[in-house]
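Following: one structure in structure tokens, then a few remarks.
The values are calculated or read from the model by the stated rules, or taken from the named source; none is laboratory data. As the structure is a prediction and not an experimental result, all values here were calculated from the model. Don't worry about glycine lacking a Cβ; one is built from the backbone with ideal geometry, like all the others, and counts go over all protein chains shown.
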Amino acid sequence: MRLRWLVPTLYILFLMLPIYWLVSMSFKTTNEILGGLTLWPKNFTLDNYITILTQPVWYNGYINSIIYVCMNTAISVTAALPAAYAFSRFRFLGDKHLFFWLLTNRMAPPAVFALPFFQLYSAINLFDTHIAVALAHTLFNIPLAVWILEGFMSGVPKQLDETAYVDGYGFWRFFVKIFLPTIRSGVGVAAFFCFMFSWVELLLAKTLTAVAAKPIAATMTRTASSSGFELGLLAAAGALTIIPGAVVIYFVRNYIAKGFSLGRV
Amino acid sequence: MNEKAPYQKGWIFVIPVVALVAFNAVIPLMTVVNYSVQETFGNNIFFFEGIKWFQAVLTSDRFHAALGRQLAFTATILAIELPLGVAIALAMPRKGPWLSVCLVLMALPLLIPWNVVGAMWNIFALPDIGLLGKTLNNLSINYNYTQQPAAAWVTLIAMDVWHWTSLVVLLAFAGLSSIPDAYYQAAKIDGASPYAVFRYIQLPKMRRVLTIAVLLRFMDSFMIYTEPFVLTGGGPGNATTLLSIDLVKVALGQFDLGPAAAMSIIYFLIVLLVSWVFYTVMTRKEEA
């Protein structure tokens, strides 16, 4: 068993290879990329990154993505908190069916909903706004947030609630002052997963936006088709999309594993 | 687990969630159902057609082929990612700085937008300028995923393994880290073999998280669209046209709303049915 460390090491190497390739391409000129295989950028250039950080078409994509992802995370977690509390503490008519119905919405293929979503959000005049994408993404993020939070809340003994009530706390005061701090790592994990799934989703985000709220991922696909193959530029844009996720994951690294082990199902 | 008190006002707590999800789920779903039973010749004029589209979809060879490819894809990636993920989780350090390094690096692929994953592998595997494709060809392996269906499949599966095995690793690791040290000490005193430790301690403790892993990987791989679309576009020919790619081709490419809607509903029902079976099996295990 002394060679055990080889397994994760090899796996991480396998994971890093395509990422290394992407990052190395982002420092090459498009000509060098098309010219053949070079393991290391021969003519090291920062032009690709400069283009992205100075042209509004590009950097607005990042801003749009981050705006709707944050809005979605806030909405999903806020709405999921009371619901998860109810599922973890009370029995009420249809609670189990409701829980399963919520989960079924994670099973709906986004490809199915693309067209009706476009019509729905056009009809209520929200097409091409950040809030439209944020609301649409609650479809799969709310069930997930409820699921994760419910797991964390079930792990908190009920005596905590009862003691607080005996001490004269009202429900909301107890919930905000005592309960939320107790499950803050759960809130962190739920927020992380909402952030992650909203950040990586493209199909709905692309369907619901045109110009004003266009996500970075859509900017990439549309630029790829309109201006030929600017591979270096695309690689740089791709490399930059990894950063927000990497930052977020660094903060919650110790809770990720926990988030699922405590989950109910 | 806490004893739950009967409290009908619990409904008040779930109203925001139900309202949001219903708005996003029920209205679009009804739109799809509506389309699935009608025929249109444009100009917003619709005719009721009953179950014609459902019959057409269920008997079409094209749908059967796409469904077959979808099932083959899902079965293959489950067969690879689950054992691989468990093996990696077992070999990971239990604590210390290396654990954090492992977790952060392994989670990276999960956080890359799906079309970037597709584009990345598209270029990575190109036979003339991509690192993977060029290296394979230099080793005199004839590999060109834009021409050879088999190579396209291998690339697609390699991409999915690259993208999602980490999720299984994280889940399996979560299950493993919930085992108290006392269990291992007891096994050591009994002189249990590593296999026995795995079979009788680790596997049972991981069972619940592994069922979540199967469920999540099943649902997500069955609904996969963006990555294969960007990687191969469903080609060469129709070799990698999975269900969702076929669906979008019908819905947006040919604008056949009726058949596309009928297909969506059948598709959704398949995912729902399989997930429901998983769900009931899991909850029964929990009660037992």
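Here A:A164, A:A145, A:A190, A:A132 are screened, and the one residue that is assigned to a helix (DSSP H, G or I), of a type in the set (A, V, I, L, M) and in contact with a Cys (Cβ under 7 Å, 6 or more places away or on another chain) is A:A145. Which condition from (1) buried (at least 18 other Cβ atoms within 10 Å of the Cβ); (2) at positive phi is the one that B:W164 breaks? With respect to (1) buried (at least 18 other Cβ atoms within 10 Å of the Cβ); (2) at positive phi, B:W164 is out only on (2). Among the numbered conditions (1) of a type outside the set (K, R); (2) buried (at least 18 other Cβ atoms within 10 Å of the Cβ); (3) without any contact (Cβ under 8 Å) to a residue 24 or more places away in the chain, the only one that A:G170 does not meet is (2). Listed conditions (1) buried (at least 19 other Cβ atoms within 10 Å of the Cβ); (2) at pLDDT 90 or above; (3) out of contact with any Pro (no Cβ under 7 Å at 6 or more places or on another chain); (4) over 30 Å from A:F152 (Cβ atoms) are all met by A:N64, apart from (3). Screening B:L108 on (1) surrounded by 22 or more Cβ atoms within 10 Å (Cβ to Cβ); (2) of a type outside the set (K, R); (3) more than 26 Å from B:D181 (Cα to Cα) shows it passes everything except condition (1).
Being within 12 Å of another protein chain (Cβ to nearest Cβ) and either among the β-branched types (V, I, T) or part of a helix (DSSP H, G or I) (or both) is the requirement here; does A:L126 meet it? Considered against the rule, which asks whether it is within 12 Å of another protein chain (Cβ to nearest Cβ) and either among the β-branched types (V, I, T) or part of a helix (DSSP H, G or I) (or both), A:L126 comes out as no.
Report, by residue number, each residue of segment B:234-274 that is buried (at least 22 other Cβ atoms within 10 Å of the Cβ) and charged (D, E, K, R). Result: B:D246, single match. Does any residue of segment A:172-184 turn out to be more than 19 Å from the chain's Cα centre (by Cα) and either at the interface with another protein chain (Cβ under 8 Å from one of its Cβ atoms) or among the hydroxyl-bearing types (S, T, Y) (or both)? Looking for residues that are more than 19 Å from the chain's Cα centre (by Cα) and either at the interface with another protein chain (Cβ under 8 Å from one of its Cβ atoms) or among the hydroxyl-bearing types (S, T, Y) (or both), one finds at least one in segment A:172-184, hence yes. Mind checking whether some residue in segment B:121-128 is of a type outside the set (A, V, I, L, M), more than 17 Å from A:Y255 (Cβ to Cβ), touching a residue at least 60 places away in the same chain (Cβ under 8 Å) and more than 7 Å from chain A (Cβ to nearest Cβ)? Yes: one or more hits. Restricting attention to segment B:144-161 and to residues that are in contact with a Gly (Cβ under 8 Å, 6 or more places away or on another chain) and surrounded by fewer than 20 Cβ atoms within 10 Å (Cβ to Cβ), the residue that is nearest to B:L210 (Cα to Cα) turns out to be B:P149. Listed by position, the helices (runs of 4 or more DSSP H) contained in segment B:180-288 that have at least 2 residues being more than 20 Å from B:V117 (Cα to Cα) are B:181-189, B:194-197, B:203-222, B:243-248, B:257-287. As a summary of the residue check, A:V57 satisfies the conditions (1) touching a residue at least 40 places away in the same chain (Cβ under 8 Å); (2) surrounded by 17 or more Cβ atoms within 10 Å (Cβ to Cβ) except for the one numbered (2). Could you please find all residues in segment A:6-32 being surrounded by 14 or more Cβ atoms within 10 Å (Cβ to Cβ) and farther than 28 Å from B:W164 by Cα? Scanning segment A:6-32 gives A:K28, A:T29, A:T30, A:E32.
Set side by side, the residues A:F127, A:F140, A:F92, A:F118 differ, and just one is at pLDDT 85 or above, surrounded by fewer than 18 Cβ atoms within 10 Å (Cβ to Cβ) and of a type outside the set (D, E, K, R), which is A:F118.
Out of the residues in segment B:103-134 meeting the condition of being more than 22 Å from the chain's Cα centre (by Cα) and not in a loop (DSSP other than H, G, I, E, B), tell me which one is farthest from A:A217 (Cα to Cα). This residue is B:K134. For segment A:1-40, a residue qualifies if it is in contact (Cβ under 8 Å) with a residue 40 or more places away in the chain and in contact with a Cys (Cβ under 8 Å, 6 or more places away or on another chain), but none of them does.
Considering segment B:151-182, the residues that are touching a residue at least 60 places away in the same chain (Cβ under 8 Å) and among the aromatic types (F, W, Y) include one that is nearest to the other protein chains (Cβ to nearest Cβ), namely B:F173. Filter segment A:71-100 down to residues that are within 22 Å of the chain's Cα centre (by Cα) and over 21 Å from A:F179 (Cβ atoms) and give me whichever is farthest from the other protein chains (Cβ to nearest Cβ). The selected residue is A:M71.
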